[in-house]
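Here is the structure we will look at.
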Amino acid sequence: MTNISTLLNSRKAALGTKHKKEQVIAPLFMKELGIEVLVPTDLDTDKFGTFTLDKERPANQKETAIIKAKAAMELLNLDLGIASEGTFGPHPAAPFGITNTEIVVFIDNKLGLEIFGGHVEIVSYAQNTTANNLEEVLEFADNINFPKHGIVIRSSEKKYKNMVKGIVTKDNLIEIATNYLEKYKSIWLETDFRAHVNKSRMKNIEVATKDLIENIKRLCPSCNTPGFHRISPKPGLPCEQCGRLTDIPLYDVYECDKCKFTQDVIFPHQKKTAYAGYCDYCNPSYKT
Ligand SMILES: [Zn+2]
Ligand SMILES: [Zn+2]
């Protein structure tokens, strides 16, 4: 029987970040898997896309994470790599909410593994605005819960020259905003999403890393490869009141990328019936 610690313990992994993500990722990998996480000093991850959009992402979220991890592995000449990639966008079920989706990838070139973890959260701090005076600047800071979340200032939305990122103190905010208001009359403000200046996002990267480690530790029951992960739930949990089948999952489905073995796990939320509020029959207003 394969043991996860004989596969991974005492190995070293390269983490592709320049925004201090090692603060949350490294301790978890050491504690849970015995893997030492190292960060290359000369990897500029901004070339793989920025939240301020002055540099576009080269590929989709998952592929960009893989590119970053591989770049770090190459620089440190290691066969294990880790990187995270975050996005902010509208939420399909919450029209006024912005969703922060974090994914973290773990690559093992020796064992031929690519394993993902993730976390999704609806957030209220993802905002931007044009400000015409210092009062409006301070109001924006209040709205986004500054300085827990940093601020980016530039002259206008699409003008990336003379942009100041990473503002995290009130003195600094007032000084730069006053300066820019004098120069440009109105200025563009947005939340800084980079992990080292955004405590909420750093927390979500930590949660996504925990999900990743769970996935790494889960061995395929058929071939013993790490990374046996959930792919899609199957609906059909019966209503607690009438017994009709609801859209709530009855099974979680797990799959191994290596041998394609799948397994259905019944009652994924440890409940054998669904709340009647989720039943089309008992609660006809559900889904309308
Ligand atoms: Zn397998
Ligand atoms: Zn019902």
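What follows draws every value from the coordinates through simple rules; no lab data is involved. Worth saying up front: this structure is predicted, and the values here are computed from it rather than measured. Methodologically, a virtual Cβ is constructed for each residue, glycine included, from the backbone with ideal geometry; neighbour enumeration extends over all protein chains shown.
Structure above, values below:
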| item | result |
| --- | --- |
| Ranked list, fewest to most other Cβ atoms within 10 Å of each Cβ, for MET73, MET163, MET30, MET202 | MET30, MET163, MET202, MET73 |
| Cα-Cα over 25 Å, subset of LYS20/LYS55; LYS62/LYS287; LYS62/LYS159 | LYS62/LYS287; LYS62/LYS159 |
| Distribution of pairwise C-alpha distances over the range 19-85, 10 Å bins, in % | 20, 51, 26, 4 |
| Distance in nm between pseudo-label sites at LYS210 and ASN109 (7 Å out along the Cβ direction from Cα) | 3.2 |
| Against the rule of thumb 2.2 N^0.38 Å, how large the Cα Rg of the chain comes out | 1.19 |
| Residue-averaged 222 nm ellipticity for the chain, from DSSP H runs of 4+ at -39500 (n - 2.57), nearest 500 | -8500 deg cm²/dmol |
| For the range 133-288, convex hull of alpha carbons as volume per residue, Å³ | 194 |
| DSSP-assigned coil residues among GluC sites (Glu not before Pro) in the range 1-86, each with at most 16 further Cβ atoms within 10 Å | GLU56 |
| Gain on full stretching of the segment that runs from ASP54 to GLU175 - 0.36 nm per residue minus C-alpha separation | 41.2 nm |
| Span-rule helices in the chain, defined as complete DSSP H runs reaching 15 Å or more along the axis (Cα) with Kyte mean at least -0.5 | 22-33, 61-76 |
| Net +/- balance of residues flanking LYS12 in space, Cβ distance below 11 Å, scoring K and R +1, D and E -1 | -1 |
| Debye intensity ratio in log₁₀ form over the Cα atoms of the range 85-136, taken at each q of 0.14, 0.15, 0.31 Å⁻¹ | -0.56, -0.60, -1.12 |
| Potential lengthening between LYS183 and VAL253 on full extension [0.36 nm per residue; Cα-Cα distance subtracted] | 19.4 nm |
| Dipole magnitude of the range 128-192 about its Cα centre (Cβ charges: Lys, Arg +1; Asp, Glu -1), debye to nearest 20 | 380 |
| Estimated distance in nm for a label pair at TYR278 and GLU135, the labels positioned 7 Å out from Cα along Cα-to-Cβ | 4.9 |
| Top of ILE82, ILE25, ILE122 by mean-square fluctuation, Gaussian network on the chain, Cα under 10 Å | ILE122 |
| Check: the chain dipole with +1 on Lys, Arg Cβ and -1 on Asp, Glu Cβ, in debye | 340 |
| Length-normalised contact order for the chain - Cα pairs under 8 Å, 6+ apart - percent | 13 |
| Sparse-neighbour loop sites [trypsin sites (Lys or Arg not before Pro); the range 228-271; at most 10 other C-beta within 10 Å; DSSP] | LYS260 |
| Given charges at Cβ of Lys, Arg, Asp, Glu: the chain dipole, positive-most of VAL197, LEU113, GLY81 | LEU113 |
| Simple label model, 7 Å out from Cα along Cβ direction - THR41 to ILE266, nm | 5.8 |
| Inter-part distance where the range 1-32 and the range 196-263 are each reduced to a Cα centre, Å | 21 |
| Net charge of Cβ neighbours under 15 Å - reference LEU237; Lys, Arg +1; Asp, Glu -1 | -1 |
| Selection of GluC sites (Glu not before Pro), the range 152-228, meeting DSSP coil and at most 14 other Cβ within 10 Å | GLU157 |
| Given charges at beta-carbon only (K, R positive; D, E negative), |dipole| of the range 1-139 in Debye | 520 |
| Stretch in the chain that is longest and holds no chymotrypsin sites (Phe, Trp or Tyr not before Pro) that DSSP places in a loop and that have at most 16 other beta carbons within 10 Å | 1-159 |
